[in-house]
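Novice: The structure follows.
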Amino acid sequence: MKTKSKDRDYMKNLKAAALQGDSRSQNELGVRYLAGAGVKKNGRRGVELLRSSALQGNVFAAGNLALFLSKHCCSDCQKKYSITQSDGQKN
């Protein structure tokens, strides 16, 4: 039973860190949402988290996002969630 408690605590902390903008946590939680690992499967939420992480410069999240979009999304969805070079730039 201690393992389930540790898993719950880990997921609670992971979600809190992701909400606070931690890019590594966003990447991991995004992948978990896409796979339904430890959370209810939610593709939209997973993509949003990966995109947010990638926009902060997390190359792993950018790769995960590109891979998911290329395998699971239509071209319109790919355009909506893809990252362009100008997305992270400030004017």
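The values are calculated or read from the model by the stated rules, or taken from the named source; none is laboratory data. What you see is a predicted model, and the numbers here were worked out from it, not measured in a lab. Please note: Cβ atoms are built from the backbone with ideal geometry, for glycine as well, and neighbour counts cover all protein chains shown.
Novice: Can you give me the ranges of the helices (runs of 4 or more DSSP H) entirely in segment 18-89 with at least 2 residues that are modelled with pLDDT of 95 or more?
Specialist: Helices (runs of 4 or more DSSP H) meeting the threshold: 23-35, 43-55, 59-72.
Novice: Right, here's the next one. Applying the selection to segment 33-50, what residues are crowded, with 21+ Cβ neighbours inside 10 Å and either more than 8 Å from the chain's Cα centre (by Cα) or within 17 Å of Lys71 (Cβ to Cβ) (or both)?
Specialist: Answer for segment 33-50, where residues must be crowded, with 21+ Cβ neighbours inside 10 Å and either more than 8 Å from the chain's Cα centre (by Cα) or within 17 Å of Lys71 (Cβ to Cβ) (or both): Tyr33, Leu34, Gly46, Val47, Leu50.
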